[in-house]
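Visitor: Below you will find the structure I want to go over with you.
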Amino acid sequence: MKSCTPYCITTGPAGLLPPAAACCGIVLPEKGQGLVEGRLVSEEAALEVMAQELLSRKNPTIFPGPLVLWAWKEGVSEKAASVLELAEEIPGVRIIPMPDYRPIYPKIDPEAVINPCHPNLTIWYNKIEVCVFVGVHCHFANITLRMIRAGTNCYTITLCHSAGHEDSMASLPFCDVEQVRALTEAVRRLKRQGLRPRHGDACGIQLTHAQQAVEAGLVWRPA
Amino acid sequence: MIKTEKQRVVTPEYLFFEAPRTRSYITGSEAANEAVRRGNVDIAIAYPITPQSETMQQVGELYAEGYLRDYYRAEDEVGAFAAMSGASRTGVRCLTASSGPGLMRGLETVASWPGHRLPLVFLIMCRVINAPLSIQPDNLELGYMLLTGNVVLHAENQQDFFDYTLAGFVISEKCEVTLPVAVAVDGFFVTHARGWVEMPSADLKLPARECYSEAVPMIDNENPPIRIARDAPIQKSNFISYQMHAAWQQEIQAALERSRQWITRYLGGLIEVVNPGAETMLIASGSAVSQSREAVRQAEEAGKEVGLIKIKSLRPFPGEELRQACAHAKRIIVPEFNCIGWLNREVRSTLYGWVDAEIADGPRVCGGITMPTEMILEWVFEGKPL
């Protein structure tokens, strides 16, 4: 008789083509729960892990998707503001958008965007070891997360507006302004309790070269 | 005022479980039609083929009465299913239907729906697909549907056809699913025969599709999956990466897995088990379940307890449920209405290494003939070759 052991979603590289976590018995959390490395936990426990990882891993980066980048419906601006509030609490954090899902010819500029066709390029180029997906449509988030787990050592966090993501290392479903603010508060609490952030010397949000150029009014051309 | 606007929107939970129901003695075609009436469907497109035509003719009457917002007969199945793709991408609730050869004609499009993450309901009234030409029931076509990435539910009777169709709309449109749901039924045995069906009031309907809460953005010619339909083959490595293609294929299977919880919630599980402790278990889907129920009763009269596992969902397949339900079994028999035994293959690959039971290679009928209960009992009592 066969038996099986629970599948865990840990940081990669997991190999050429790791299986979809949903096909390995990992189920999505209910409202009020979170998912950490494939295990169902309380929302508070998930937030605690997310905060810890964001402060302690190298080059934390937030990847906002179209659902928070564009004020397409009521409440989105407020949610976007809450994401910025979170960013301001993570020393050394960068914000690299996934503005849409178009294939980019002939190759992406990894400082400017993350793209679901080659998400690993952005992770590798910027040496990102922890990231947050927020506002990305679930289909594209899922395939991107699987590719990141396949080829990089990045710890993936998802703040999902819908049912959550089995393929991220930590996931919170039905995540609205309240949950984003709760994560921000968890980050603040850990710092108050003495956790020294990995990039404690950096202040605020770090602009990429592309963003610096744009801020300076220059036309940015990737190398 | 058109009739759909007079209906009251209620939650799926209320419509499925709480609303008072009344019994009607109707055909399977009429049962599907009544589900569509309560489904808040925006558009229905199909091409006629027996035995599907009757349902879609009736759905046409629903359109005339004002329950649907649009309805037309396509030029053929390729046209009908392609139109479904376009309609679903725009975010409206969609219905189509076909049978045997018509399904096979449009199969390429049907197999593309899941990858494009298109919620819709596809009714399949099974019939013979291979020569010699026949319009009789035979569910060989479902063997092909199992490979497409669609959710595939197999209804046993008129009541199932009503319930599965209505639930299909909701399951299909869940964000984490966002897949087409095929609701299959064996033609004529169910579509053209009457049975008791309990239904909530026709004054109630499902909420409209929430297209902005799904896994992909609605129609947008600059973004995949829409752009994939427009551009060159996606295998081109400078279009999307091979790895993205692989992850995308995996995502279809992952979405199928996520539909389990909704099938369980709305249909009471992926399987139903009768006489769970019996050493001999029948495993069946569709009309073969009804024949097996009667065989179980007759076996009991003859002094032998026989169990039955009704498989409601073929995709996702109830692997874990079957392993548990068959853990104690000594003999497993799989009655089917097709010559290749696609369910038998599923059962064997699911249970291989997990149970000690012998799995019989039949019984099967095909070409449209029915399965006498005596045929099942022969396999139960005489132990036909394994």
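The values are calculated or read from the model by the stated rules, or taken from the named source; none is laboratory data. This one's a predicted model, so the numbers in the text were calculated from it and none came from an experiment. With ideal geometry, Cβ positions are generated from the backbone for all residues, glycine too; neighbour counts draw on all protein chains shown.
Visitor: Hey, can you tell me all the residues within the range A:156-181 that are among the small types (Gly, Ala, Ser) and either outside any loop (DSSP other than H, G, I, E, B) or surrounded by fewer than 24 Cβ atoms within 10 Å (Cβ to Cβ) (or both)?
Guide: A:SER162, A:ALA163, A:ALA170, A:SER171
Visitor: Right, another one. Quick one: count up the residues across the range B:134-154 that are of a type in the set (Asp, Glu) and part of a loop (DSSP other than H, G, I, E, B).
Guide: 1
Visitor: If you check A:ALA21, A:ALA51, which single one turns out to be touching a residue at least 12 places away in the same chain (Cβ under 8 Å) and in contact with a helix residue (DSSP H, G or I) (Cβ under 7 Å, 6 or more places away or on another chain)?
Guide: From the options A:ALA21, A:ALA51, the qualifying one is A:ALA51.
Visitor: Here is a further query. Would you point out the residue of the range B:94-137, among those that are surrounded by 24 or more Cβ atoms within 10 Å (Cβ to Cβ) and polar (S, T, N, Q), that is nearest to the other protein chains (Cβ to nearest Cβ)?
Guide: The selected residue is B:THR96.
Visitor: Among the candidates A:LEU28, A:LEU17, which residue alone is part of a loop (DSSP other than H, G, I, E, B), at the interface with another protein chain (Cβ under 9 Å from one of its Cβ atoms) and modelled with pLDDT under 95?
Guide: A:LEU17
Visitor: Shifting gears a bit: So, in the range A:145-155, of the ones that are buried (at least 24 other Cβ atoms within 10 Å of the Cβ) and touching a residue at least 40 places away in the same chain (Cβ under 8 Å), which residue ends up nearest to the other protein chains (Cβ to nearest Cβ)?
Guide: A:ARG146
Visitor: For the range B:164-189, name all the residues that are out of contact with any Pro (no Cβ under 7 Å at 6 or more places or on another chain) and either modelled with pLDDT under 95 or within 14 Å of chain A (Cβ to nearest Cβ) (or both).
Guide: B:ILE171, B:LYS174, B:CYS175, B:GLU176, B:VAL177
Visitor: Tell me which residues, restricted to the range B:78-93, are surrounded by 24 or more Cβ atoms within 10 Å (Cβ to Cβ) and either closer than 21 Å to B:GLU54 by Cβ or outside the structural domain of B:SER29 (by TED's automatic domain parsing) (or both).
Guide: B:ALA80, B:PHE81, B:MET84
Visitor: Then there is this: Need at least 1 residues that are touching a Cys at 6+ places or on another chain (Cβ under 8 Å) and either in the same structural domain as B:ILE171 (by TED's automatic domain parsing) or among the β-branched types (Val, Ile, Thr) (or both) per element, so show me which helices (runs of 4 or more DSSP H) inside the range B:270-386 make the cut, counting only ones lying wholly within it.
Guide: Filter on the range B:270-386 gives an empty set.
Visitor: Exactly one of (1) within 29 Å of A:GLY200 (Cβ to Cβ); (2) crowded, with 21+ Cβ neighbours inside 10 Å; (3) within 14 Å of chain B (Cβ to nearest Cβ) is unmet by A:LEU121. Its number?
Guide: It fails just one condition, (2).
Visitor: Restricting the range B:190-213 to residues that are of a type in the set (Val, Ile, Thr) and over 22 Å from B:ARG8 (Cβ atoms), which is nearest to the other protein chains (Cβ to nearest Cβ)?
Guide: B:VAL190
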